[in-house]
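Contents: one structure, followed by commentary.
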Amino acid sequence: MPAPSRLTRALTAWTAAGVLITGAGCQTLDDAGRVIGRADLVNDLAARLDRAGELTYSADYRLPGADNATIAQTPKPPRSAYIFPGGRLIVTADATTECRTAGAESICTMTPPPSPGAKPAASAFATAGERGLVTPTVVIGLLTAAALDADAIVEQKDTTIAGRHATCVQVRQVKNAAASSFDACITTEGVLGSFTGVVDGQQVDIAISRYRDSVDATAFKIPSGARIVDHRPGAR
């Protein structure tokens, strides 16, 4: 029998108090005591993740095989960085920069940034997903798909990850989504706490190991010595 995933181990503290929400007519209670349905629950978590875009933070994640990844962002100026084994994605007001490292060489490709106030398209995070890091933008899309699917099965429980309270959902049988089944935990602040699932054919199993209310500015810098390929309009 295969060893349990990191998320499975992290959620052993879940108790039988969890509620299975199998349809829009079934209900549970949120932290404020409101009666909410399945769609409201996953929509609330998606909105919580989205609001976290207003935070300044760095989050380190454990990946399988002793690998690590980091998500860092600041709202003023708006910028974000996703650092994963073999590369990174940097999004600023000037460019969307994807860096890949092969051996001793790093190649960074610059393309136009997202429109002001918009997030990068989910396709921009394809390389991160291939390397084992799922991003909040992708998880928001998965939660939204679950909210729209009346046949999706959602089980909600609470836990603590890296010392932070989190609301977790086990989602199954979602149609027309990049992942038909997944487990996700979102912290009270709105930060992605953990995720397990197969997204676009790639196995993802991550759990937050450290959270900080600050960001090292080097996270948004192109690696020293990298070869730059600039595809922005007007670039030489």
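The values are calculated or read from the model by the stated rules, or taken from the named source; none is laboratory data. Quick caveat: nothing in here was measured; it's all calculated off a predicted structure. Using ideal geometry, Cβ is built from the backbone for each residue, glycine included, and neighbour counts are taken over all protein chains shown. These accessible areas exclude ligands, DNA and RNA; they are computed on the full protein's heavy atoms, side chains included. Shrake-Rupley method; radii C 1.70, N 1.55, O 1.52, S 1.80 Å.
Could you report the range 175-236's accessible area per residue, 1.4 Å probe, as an integer in Å²?
54 Å²
Over the range 87-203, what relative contact order in percent results from Cα pairs under 8 Å that are six or more residues apart?
15 percent
What's the carbon and sulfur percent of the range 72-151's accessible surface, probe 1.4 angstrom, rounded to a whole number?
Taking all protein chains in place, the range 72-151 shows 58 percent carbon and sulfur surface.
Apply 1/(1 + (r/R0)^6) to the Cβ-Cβ distance of GLU130 and LYS175, taking R0 = 25 Å, and write down the FRET efficiency to the nearest 0.05.
0.60
Under a 1.4 angstrom probe, counting protein chains only, how are ASP60, ASP94, ASP67 ranked by accessible area, largest first?
If we order ASP60, ASP94, ASP67 from most to least accessible, we get ASP94, ASP67, ASP60.
Once amide H atoms are built 1.01 Å from N in the peptide plane, which residues 5 or more positions from LEU63, or in another chain, come under 5 Å H to H?
The answer is ASN68, ALA69.
Keeping every protein chain in place, order LYS119, LYS157 by accessible area at 1.4 Å, biggest value first, i.e. largest first.
LYS119, LYS157
Over the range 39-117, what is the mean sequence separation of C-alpha contacts under 8 Å (at least six apart), divided by residue count, expressed as relative contact order in percent?
So the answer I get is 16 percent.
Under Stokes-Einstein, with the Kirkwood radius over Cα pairs standing in for Rh, what whole-number D in µm²/s applies to the range 183-225 at 37 °C and 0.692 mPa s?
Using the Kirkwood radius from Cα pairs, D works out to 255 µm²/s.
Relative to a virtual label point 7 Å from the Cα of ARG100 in the Cα→beta-carbon direction, which members of the range 193-236 show backbone nitrogen distances below 17 Å?
202, 223, 226-231
Enumerate the whole-percent occupancy of each 10 Å bin, from 0 to the last occupied one, for all C-alpha pair distances of the range 42-187.
10, 38, 37, 14, 1
Hey, which lysines would be in cross-link range of LYS175, C-alpha to C-alpha under 28 Å, not counting anything within fewer than 8 residues on its own chain?
LYS119, LYS157
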